[in-house]
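Take a look at the structure below.
Bear in mind that the values in this text are calculations on the coordinates, not laboratory data. On a predicted model such as this, the values are computed, not experimentally measured, just so you know. As a convention, Cβ positions derive from the backbone with ideal geometry for all residues, glycine included, and neighbour counts pool all protein chains shown.
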Amino acid sequence: MESVSKLQAVLNGLCPRCRQGKIFCKPFYSPRGFDDMHEHCPHCGLRYEIEPGYFVGAMYVSYAISGGIALLIGFMLFYLAGDPEGWVYAAVVAPVMVLIAPINFRISRVIWLHYVAGIKYQPGL
């Protein structure tokens, strides 16, 4: 099998050890179950939740992503819409945060697994 780069593995939600098994059970756009994770990698058997509460740290990644997107939207509104009233910022940013929540949830966990867990890529698995 062709080797998958770390960036491709993160963007596709693949296991950090084998870069082949999916981390999540269903696609992010599933009305129910967007947050359902496999307990173990379906390909190599790696246990994703290293210890109880391990993914609490992924909330910090999620917070950074949300904050960055909110700032970007705020700057765009400021410069492109001529600094509208405060309620316009809230009316635009809040729905965007709700819409990106499933993607943000997943990508923050995947980033946490790939960059913080200390799991090394083992190409032979």
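With charges only on Cβ, +1 for K and R and -1 for D and E, what is the dipole size of the chain about its Cα centre, in debye, rounded to 20?
Working: 10 positive and 8 negative charges, 102 e Å.
Dipole magnitude for the chain comes out near 480 debye.
Report the local net charge at ILE119: Lys and Arg +1, Asp and Glu -1, summed over other residues whose C-beta lies under 14 Å from its C-beta.
My count for the surroundings of ILE119 gives +4.
Normalised by the number of residues in the stretch 6-115, what is the relative contact order in percent for Cα pairs under 8 Å and 6+ residues apart?
Answer for the stretch 6-115 is 30 percent.
Going by Cβ distance under 4.7 Å, what cysteines of the chain have no possible disulfide partner?
Singleton cysteines: CYS25.
Around VAL93, with a cut-off of 15 angstrom between Cβ atoms, what is the net charge of the other residues, counting Lys and Arg +1 and Asp and Glu -1?
Once positives and negatives cancel, what remains is -2.
If each DSSP helix of 4+ residues adds -39,500 (n - 2.57) and the sum is divided by the residues in the chain, what number results at 222 nm, nearest 500 deg cm²/dmol?
Helices in the chain give a 222 nm mean residue ellipticity of -16500 deg cm²/dmol.
For the chain, what does the equivalent ellipsoid look like in terms of its semi-axes, each the square root of 5 times an eigenvalue of the Cα gyration tensor, given largest first in whole Å?
Over the Cα atoms of the chain, the ellipsoid semi-axes are 33, 14, 13 Å.
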